[in-house]
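Data block below; observations after.
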Amino acid sequence: MAREIVNESMQSMLLDYVRRPDYTPASITIGPGGAVVMTQQDLKHERLQDLIDLARRIETTAKE
């Protein structure tokens, strides 16, 4: 089931994300109904926006 949810496009996008020097550390749980992106950090607006953008990219790549 994991291979059906995390396709090659999503895997590549997630690996690119964590390789960025400025990425926001987060826990990502992905299932057939969607994804949950969480962090334990108190984030400033820019970092929060980074996680929102990540969630949108997960949603986009899940549809491919």
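Semi-axes of the equivalent ellipsoid of the chain are 21, 12, 10 Å, computed as sqrt(5λ) over the eigenvalues of the C-alpha gyration tensor in descending order. Inter-label distance, Ile52 to Arg3: 3.7 nm, where each label sits 7 Å from its Cα along the C-beta direction.
Helix content alone sets the calculated 222 nm mean residue ellipticity of the chain: runs of n ≥ 4 DSSP H residues at -39500 (n - 2.57) each, divided across all residues, give -16000 deg cm²/dmol. Would you look at the GNM of the chain, springs on alpha carbons closer than 10 Å, and say which of Gln49, Gln40, Gln11 moves the most? Answer for the Gaussian network model of the chain: Gln40. Site pair Ala62 and Asp42 shows an inter-label distance of 3.1 nm when each label is modelled 7 Å from Cα along Cα→Cβ. Would you mind telling me which residue in Asp42, Asp22, Asp53 has the biggest mean-square fluctuation in a Gaussian network model of the chain, where springs connect alpha carbons within a distance under 10 angstrom? Result: Asp42 has the largest fluctuation of those listed.
All of the numbers you see were taken from the coordinates with simple rules; none came from a lab. As the structure is a computational prediction, the values presented were derived from the model and not from experiment. Using ideal geometry, Cβ is built from the backbone for each residue, glycine included, and neighbour counts are taken over all protein chains shown.
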